[in-house]
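The values are calculated or read from the model by the stated rules, or taken from the named source; none is laboratory data. Since we're looking at a predicted model, the values are computed, not measured. Quick reminder, even Gly has a Cβ in these numbers, built from the backbone with ideal geometry, and neighbours come from all protein chains shown.
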Amino acid sequence: MSAVLEVKDLRKEFGDLTAVDGISFDIQEGEIFGFLGPNGAGKTTSISMICGLLKPTAGEVFVEGVSILKNPREVKKRLGVVPQEVAIYEELSARENLSFWGGIFGMGGGGLKNRVDELLEQVGLEDRAKEPTKNFSGGMKRRLNLALGLVHDPKLILLDEPTVGIDPQARRNILDVVKAIAADGRTVLYTTHYLEEAEELCDRLAIIDHGKILSQGTVGELKTQLGEGSLLTVQGDFPAAALSEAVTGVEGLLPIEIDDNRAMLLVSRDGPGVSHSLEGLFSQGLTFDDITIKEPNLEDLFLKLTGRELRN
Amino acid sequence: MWVLIRKDLLRRWRSPLSTIVMIIFPLFMSLAIGSISGGSGGGSEFPRIKVLLQNNDKDGFLSNAIMGSAGQGENQEYLDLVEVGDEGTEMMNEGKASAMIVLPENFTAKVFNREPVEILVVRNPAEGIKPEIVVQGADVVATYLDQGARLLGEELGIIQVMMESENIPASAKVGAVAAGITTKIDGVEKYLFPPLVEIGSVKEDGAEEDSGGGFNVFGYILIMTTVMALLFVATRSMGDIFEEQNNGMLKRQLSTPMGIGMIVGAKTVFGVVFGVIVMMVLGAIGLVLGWISPPVDLLAAVLLGISFSLAACGFLALVLSLVRTEKQAGILGWLVIMGMSAIGGSMMPIDNMPAPLQAAARYTINFWAVDGYTRLVYSGEGLNDIMGNIVRLLIIGAVTIMVAQALLVRRFREVS
């Protein structure tokens, strides 16, 4: 496989604010690469630089080896951008919107008509194709918003939070379409702050916050960064320092995140187990109001990497 | 570019409310102002028109009758008549009157002898509507004289003898003449004759003019307000780029191979095309309603429309390029349109304005459009006559579009 997208040391500053702070990653052909991070993490700014809307302060972006800075027109022909906000002409029908965007990319005639028909069916809008889109529900508009980015059959598709604020049915449709286009050999960069989507869709993903990529890899690789084992979350009336001291005395128990009255700990798979860990803590005089044991997920990793929850 | 223009035309077609408002506005204004000005006969609505009367047929019965009747009745409300001699030409040269009516030597004799004769109306070229009113008024007089001379030549001869006689004519003789006149009028009122008496209209500089279409106050106001409406069309067209910025469409278009220069250029072309369409629709409605006559030179009318739309789009694009937001664009655009329309003759006839404002009007694009269309529709002028207007508007359009394009491209290069 060859890299369809290469991002090298990309950086964007707005005055004193560093929105994107030297990120690097690449995406292979046919891969769905996720950008997982909270609002304001720098996802949209990164996508804006990748598609040529913003000029980077530093760094480079290559699409199939072509630099966006040196040859933006050539790169833009290969990109399909689906912006976070629904960007459609509400006076026009779904078919007219699709035909317009196809026309921008030089498509026309029977080829365009067939492609429009195909996309309308794919996003489930074939029955409402001639209706002005101002009558559409939010989910229908989102589906059309996605289709507009695909009409010219681009090599690389940039999806910026395409499922924000829609019903589960429309979300399901969008996720299915994204899977289908990737299965068709297209490459996808997918930004989201929904963990479930990232876990379900992405072959690889990067966790981004404050403009920096904190970690990247497959979902499995990322989860192992927490360590192999179970996550033990305890809540009660205890100071962070007391719990930290207690944890160091228990075999197979590792701290992930410890605050006053709340702590997340990893019970190592190779250690004596959860019961032994809890007994170790109780024996040091600690009591808890609530105890949760679960397998670690990306949310936990995000918490470990950033000290805050993804949806905050 | 055609894809972008077609898209915007389709959007206007699908969502026609704003377009309908832009079309209704000039029609409504024409109807409202026209009714107030012309319908109720409120003399105070119109300024008095200063007209010089030069009678070169001093002893003629008809010329004296015309001179005497000119200042009677309703004419007193509208006309400020001054009888002049040879100094009339000099007064016209100095722009001291809107028009001068010249009755030629032997006018009466020629009319009675049924020889062709011409009443000359000298117009002040610096004024638009007032001289036109004089021409139309004189045309009515000429029509009456023409018909009367053809029909009642014999009776007029008898009347002239009676008038010149020192004796009071016998009642029977007067009755016979009156009966003859009545019978003739009743018999031929439905028939038309080629004119014996014609109106010749010249500008103060001596250039002869075609007669053009009949003046209609509704049509005149329609021209004025259509020009203003086209400015709103231009604002709407160019301001659309801000709307597209707000709803994310601009950003989305810029993520395609299309550059911002192409997008701004397409908006300008769309504005011109849309403006010409609106102008043609309003012109057609004006024709159907009988408010305006078809211009003698249709090509000139179309070229003037294109050049004005171009100037309007360029000018408004320049104004919009100086603001940051759609709201600011709306406010500033509105102020500029109102200002230019007030000064430039879209709200009131230029002739009615004080001299300083009349001079300032020439610096607005409205003036050149209103002036051009008034001359095309009411003076029967053609492309050559209004070429100056077209060239001025094209130059303004080209310059403002280039500057605005540069500013807007810089503005929207990074839209996030």
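Restrict the check to the stretch A:97-109 and report whether at least one residue is more than 9 Å from every other protein chain (Cβ to nearest Cβ), modelled with pLDDT under 90, assigned to a helix (DSSP H, G or I) and more than 23 Å from the chain's Cα centre (by Cα).
yes
Report, by residue number, each residue of the stretch A:200-221 that is assigned to a helix (DSSP H, G or I) and either within 17 Å of A:Lys43 (Cβ to Cβ) or touching a Pro at 6+ places or on another chain (Cβ under 8 Å) (or both). Please lay out each step first, then the result.
First, the residues of the stretch A:200-221 that are assigned to a helix (DSSP H, G or I): A:200-201, A:219-221.
If the condition is that a residue be assigned to a helix (DSSP H, G or I) and either within 17 Å of A:Lys43 (Cβ to Cβ) or touching a Pro at 6+ places or on another chain (Cβ under 8 Å) (or both), then A:Leu201 is the only one that fits.
Quick check on my filter: what residues within the stretch A:23-80 are away from chain B (no Cβ under 14 Å), part of a strand (DSSP E or B) and surrounded by 15 or more Cβ atoms within 10 Å (Cβ to Cβ)?
Of everything in the stretch A:23-80, those that are away from chain B (no Cβ under 14 Å), part of a strand (DSSP E or B) and surrounded by 15 or more Cβ atoms within 10 Å (Cβ to Cβ) turn out to be A:Ile23, A:Phe25, A:Asp26, A:Ile27, A:Ile32, A:Phe33, A:Gly34, A:Phe35, A:Leu36, A:Gly59, A:Glu60, A:Phe62.
Provide a single number: the residues in the stretch B:359-416 that are of a type in the set (Phe, Trp, Tyr), over 30 Å from A:Phe14 (Cβ atoms) and either assigned to a helix (DSSP H, G or I) or in contact with a Gly (Cβ under 8 Å, 6 or more places away or on another chain) (or both). Talk me through it step by step, then tell me what you get.
Looking only at the stretch B:359-416, we keep the residues that are of a type in the set (Phe, Trp, Tyr), and these are B:363, B:367-368, B:373, B:378, B:412.
Right, trim to over 30 Å from A:Phe14 (Cβ atoms) and you get B:363, B:367-368, B:373, B:378.
Next, only the ones that are either assigned to a helix (DSSP H, G or I) or in contact with a Gly (Cβ under 8 Å, 6 or more places away or on another chain) (or both) stay: B:367-368, B:373, B:378.
Count: 4.
Here are the criteria: (1) in contact with a helix residue (DSSP H, G or I) (Cβ under 9 Å, 6 or more places away or on another chain); (2) within 14 Å of A:Thr233 (Cα to Cα). Tell me which single one A:Val250 does not satisfy.
It fails just one condition, (2).
Which of (1) of a type in the set (Gly, Ala, Ser); (2) over 30 Å from the mean Cα position of the chain (by Cα); (3) more than 13 Å from chain B (Cβ to nearest Cβ) is the odd one out, the single condition A:Gly124 does not satisfy?
With (1) of a type in the set (Gly, Ala, Ser); (2) over 30 Å from the mean Cα position of the chain (by Cα); (3) more than 13 Å from chain B (Cβ to nearest Cβ) applied to A:Gly124, the lone miss is (2).
Out of the stretch A:83-96, which residues are more than 8 Å from every other protein chain (Cβ to nearest Cβ) and not aliphatic (A, V, I, L, M)?
Hits for the stretch A:83-96 are A:Gln84, A:Glu90, A:Ser93, A:Arg95.
Does any residue of the stretch B:305-321 turn out to be within 14 Å of chain A (Cβ to nearest Cβ) and either buried (at least 23 other Cβ atoms within 10 Å of the Cβ) or of a type in the set (Val, Ile, Thr) (or both)? Outline the logic, then answer.
If we filter the stretch B:305-321 for residues that are within 14 Å of chain A (Cβ to nearest Cβ), which is where we start, we get none.
No, the conditions are met nowhere in the stretch B:305-321.
Could you tell me which residue of the stretch A:7-41 is farthest from A:Leu305 (Cα to Cα), considering only residues that are without any contact (Cβ under 8 Å) to a residue 12 or more places away in the chain and of a type outside the set (D, E, K, R)?
Within the stretch A:7-41, the subset without any contact (Cβ under 8 Å) to a residue 12 or more places away in the chain is A:14-17, A:40.
Filter once more, keeping what is of a type outside the set (D, E, K, R): A:14-15, A:17, A:40.
On the way: A:Phe14: 25, A:Gly15: 27, A:Leu17: 21, A:Gly40: 16 Å.
So, considering only residues that are without any contact (Cβ under 8 Å) to a residue 12 or more places away in the chain and of a type outside the set (D, E, K, R), the one farthest from A:Leu305 (Cα to Cα) is A:Gly15.
Residues are listed down the side, and each one gets a yes or a no for (1) closer than 16 Å to B:Ala369 by Cβ; (2) among the aliphatic types (A, V, I, L, M); (3) modelled with pLDDT under 85; (4) under 24 Å from the mean Cα position of the chain (by Cα):
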| position | (1), (2), (3), (4) |
| --- | --- |
| B:Pro294 | no, no, yes, yes |
| B:Ile306 | yes, yes, no, yes |
| B:Ala311 | yes, yes, no, yes |
| B:Leu318 | no, yes, no, no |
| B:Lys327 | no, no, yes, no |
| B:Leu335 | no, yes, no, no |
| B:Ala342 | yes, yes, no, yes |
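Does A:Leu69 satisfy the criteria of being closer than 16 Å to A:Leu189 by Cβ and assigned by TED's automatic domain parsing to the domain that holds A:Thr191? Before you say what the answer is, go through the steps one by one.
On the way: closer than 16 Å to A:Leu189 by Cβ: no; assigned by TED's automatic domain parsing to the domain that holds A:Thr191: yes.
Answer is no for this residue.
Just to be sure I understand, how many residues within the stretch B:299-358 are hydroxyl-bearing (Ser, Thr, Tyr) and within 21 Å of B:Val264 (Cα to Cα)?
If we filter the stretch B:299-358 for residues that are hydroxyl-bearing (Ser, Thr, Tyr), which is where we start, we get B:307, B:309, B:321, B:325, B:341, B:346.
Now narrow it down to the ones that are within 21 Å of B:Val264 (Cα to Cα): B:307, B:309, B:321, B:325.
Of the residues in that region, 4 qualify.
Would it be correct to say that A:Asn297 is in contact (Cβ under 8 Å) with a residue 12 or more places away in the chain and either surrounded by fewer than 12 Cβ atoms within 10 Å (Cβ to Cβ) or at negative phi (or both)? Before the answer, list the steps.
Working: in contact (Cβ under 8 Å) with a residue 12 or more places away in the chain: yes; either surrounded by fewer than 12 Cβ atoms within 10 Å (Cβ to Cβ) or at negative phi (or both): yes.
Yes; evaluated as a whole, the condition is true for this residue.
Just to be sure before I move on: is B:Thr268 away from every other protein chain (no Cβ under 14 Å) and either at pLDDT 85 or above or surrounded by fewer than 21 Cβ atoms within 10 Å (Cβ to Cβ) (or both) in the structure I sent? Please lay out each step first, then the result.
Numbers: away from every other protein chain (no Cβ under 14 Å): yes; either at pLDDT 85 or above or surrounded by fewer than 21 Cβ atoms within 10 Å (Cβ to Cβ) (or both): yes.
Yes, satisfied.
Kindly evaluate A:Glu199 against the criterion of being over 25 Å from B:Leu254 (Cα atoms), more than 20 Å from the chain's Cα centre (by Cα) and of a type outside the set (Lys, Arg).
Details: over 25 Å from B:Leu254 (Cα atoms): yes; more than 20 Å from the chain's Cα centre (by Cα): no; of a type outside the set (Lys, Arg): yes.
No: the conditions fail for A:Glu199.
In the stretch B:271-288, which residue that is free of Cβ contacts under 8 Å to residues at least 40 places away in the same chain and not small (Gly, Ala, Ser) is farthest from the other protein chains (Cβ to nearest Cβ)?
So the residue we want is B:Leu287.
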